[in-house]
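The values are calculated or read from the model by the stated rules, or taken from the named source; none is laboratory data. All figures in this text were calculated on a predicted structure; none of them were measured in a lab. All Cβ positions, glycine included, derive from the backbone under ideal geometry; neighbour counts span all protein chains shown. In case anyone asks, the SASA skips ligands and DNA or RNA and just uses the protein heavy atoms, side chains included. Shrake-Rupley method; radii C 1.70, N 1.55, O 1.52, S 1.80 Å.
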Amino acid sequence: MLDKARQLLTASKRSDVPPFMVMDVIAAAARIEAAGGRVIHMEVGQPAAPAPATAIKAAQLALPKGKLGYTEALGVPSLRARIARHYRDTYGVALDPARIIVTTGSSGGFVLAFLALFEAGDRVALANPGYPPYRHILTALGCEPVLIETRSETRWALTPEALLAEHRRKTLSGVVVASPANPTGTMMNEAALSRLIEVAEGEGIRVISDEIYHGLDYAFPAVTAAALSPRALIVNSFSKYFCMTGWRIGWLVAPQELVRPIERLQGNLAISVPTLAQIAAEAAFDGRDEMEAVKHGYEENRKIVTEGLPKAGLDKFFPVDGAFYLYADISRFSNDSVDFAKRLLEEAHVAATPGVDFDPIHGKDFIRFCYAGSAAEMREAVERIGGWLKR
Ligand SMILES: Cc1ncc(COP(=O)(O)O)c(C=O)c1O
């Protein structure tokens, strides 16, 4: 009887996904702040700036009207059309708005995409290091994430050769690419991305392109997979470039054949995406000037950290092409990134994320810094880190 009762309270095996280590850093930083310490936050990957004023205004105007009902499962038609226009304006790609699906952040988009593309048991390739929820969402859905190690010679991106080698070993059903990537901030140029897509699709491997950091490119312009293949599935979001993390809104560009299956999934899983967020997101596109100013701030920060951290002692890091991350090799100082991040926080009051969150293989030797704060904070962080490492 006791066993039966215990069974009732046991979580499923599929729900046994690891937590984000960064949550521990956030909690420890909060304790320091509660005790009066001033922490510089470089741990969470989110913009410090608010949503564009145009988005906030649109939401304010919508609220007094009262009713915020469900919307179409695929999203408000005018927002889908506006997103399609964004592809024409930004990349010169003509997209049928019928291929756009509005989602609850890109996180919601991943669940829909993986469900629509894969069967339980399917193997899906991911670059290592990479964004942990790719692995964890796939695992929870019964798919098998397959980590492929990346190298400095390929700017830490997946190559067709590495993908094919894994596919020959055991069949892959899909691959997730991200450019700019998290945690590395590195990007793939058009030739590298198009070769990867061509080779993957030639082998029947479905390509999912996470383009959440598009717009935040400094080394060269990011290329959308939508321009390279009508079969690729694109995941994007208003969270990063448009500074709308908490609004929980993103989108997919799907091959036409997959739109109806995704619509059925979305209708059942969520009914629709929050209406107020959809209204705000559509207006966000009118706030591009404001967002470009925010981006210039990141560019300044990027200069501060890429010039300052080597002087501070951290001189080995991945190319800082895009997004707002710097992924630093700390192996000269420690081979335990959790302990390093803990001491950096406790002793220098700089919060950063241990690499083990992103890389189960070599993550002990790396730390991720997010440089989306203010320039003054970034300067002070570099100084604090330098003082701490030389102490
Ligand atoms: C690479 C990458 N993809 C997806 C997401 C999820 O973002 P959201 O669900 O807010 O769109 C994040 C968030 O940090 C990310 O870094």
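Observations on the structure shown:
- In the set (1) away from the ligand (no atom under 16 Å from the Cβ); (2) surrounded by 20 or more Cβ atoms within 10 Å (Cβ to Cβ), Ala51 fails one condition alone, (1).
- Residue match in the stretch 135-145 (condition: under 17 Å from Val207 (Cα atoms), among the hydrophobic types (A, V, I, L, M, F, W, C) and either open to solvent by 30 Å² or more (accessible area, probe 1.4 Å) or in a strand (DSSP E or B) (or both)): yes
- Filter result (open to solvent by 50 Å² or more (accessible area, probe 1.4 Å) and within 16 Å of the ligand (Cβ to nearest atom)) within the stretch 156-170: Trp156
- From the options Leu2, Leu61, residue that is of a type outside the set (S, T, N, Q), open to solvent by 60 Å² or more (accessible area, probe 1.4 Å) and at pLDDT below 95: Leu2
- The listed residue being in contact (Cβ under 8 Å) with a residue 40 or more places away in the chain, surrounded by fewer than 24 Cβ atoms within 10 Å (Cβ to Cβ) and not β-branched (Val, Ile, Thr), out of Phe324, Phe333, Phe369, Phe358: Phe333
- Pairing residues of the stretch 230-254 that are within 24 Å of Arg206 (Cβ to Cβ) with residues that are of a type in the set (D, E, K, R) and within 12 Å of the ligand (Cβ to nearest atom), at Cβ distances under 6 Å and at least 6 apart in sequence or on separate chains, gives Ile234/Glu211; Val235/Asp210; Asn236/Glu211.
- Selection status of Arg6, within 30 Å of Trp388 (Cβ to Cβ) and either away from the ligand (no atom under 16 Å from the Cβ) or free of Cβ contacts under 8 Å to residues at least 40 places away in the same chain (or both): no
- Among (1) open to solvent by 40 Å² or more (accessible area, probe 1.4 Å); (2) of a type in the set (D, E, K, R); (3) in contact with a helix residue (DSSP H, G or I) (Cβ under 9 Å, 6 or more places away or on another chain); (4) not in a loop (DSSP other than H, G, I, E, B) - the single one Arg80 does not satisfy: (1)
- Residue satisfying all of: in the stretch 336-352; without any contact (Cβ under 8 Å) to a residue 40 or more places away in the chain and farther than 16 Å from Ala381 by Cα; surrounded by the fewest Cβ atoms within 10 Å (Cβ to Cβ) among these: Asp339
- Flag for Val22 being closer than 27 Å to Gly363 by Cα and surrounded by 16 or more Cβ atoms within 10 Å (Cβ to Cβ): yes
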